[in-house]
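Here it is: the structure, laid out below.
The values are calculated or read from the model by the stated rules, or taken from the named source; none is laboratory data. The structure displayed is predicted, hence computed values, not measured ones. Cβ coordinates were reconstructed from backbone atoms using ideal geometry, including for glycine residues, and neighbour counts include every protein chain displayed. Surface accessibility is based on the protein's heavy atoms, side chains included, excluding ligands, DNA and RNA. Shrake-Rupley method; radii C 1.70, N 1.55, O 1.52, S 1.80 Å.
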Amino acid sequence: VPLSEPKNPPPLLVFVHGGAWGSGKPYMYRLLGLRFSREGYHCALVGYRTYPCANVDGQVQDVASALLYLKEQKQKGNLKG
């Protein structure tokens, strides 16, 4: 555990999983997230409702909501990078 905050926090990488809007879950890419972490990034694996539970508009809104949440957390100081 670091004793102090790093001078330059790691950059945040946002990863939206593939699946042609119809399949896939963020947890399927957890090993990729670990790899990015080892390379010095914070990694957010973003999910979205897949078809037929949501159409493309709903899926885009899900991703936009996740990005807004991350932005808000950074502004509150809960997210470094």
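Taking the range 34-81 as the search range and keeping residues that are assigned to a helix (DSSP H, G or I) and among the basic types (Lys, Arg), which one is farthest from the chain's Cα centre (by Cα)?
ARG38
Further, regarding this structure: Taking the range 25-81, which residues are aromatic (Phe, Trp, Tyr), more than 12 Å from LEU12 (Cβ to Cβ) and open to solvent by less than 90 Å² (accessible area, probe 1.4 Å)?
TYR29, TYR48
Then there is this: For VAL14, only one of the following conditions fails: (1) at pLDDT below 90; (2) surrounded by fewer than 16 Cβ atoms within 10 Å (Cβ to Cβ); (3) not small (Gly, Ala, Ser). What is its number?
It is condition (1) that VAL14 fails.
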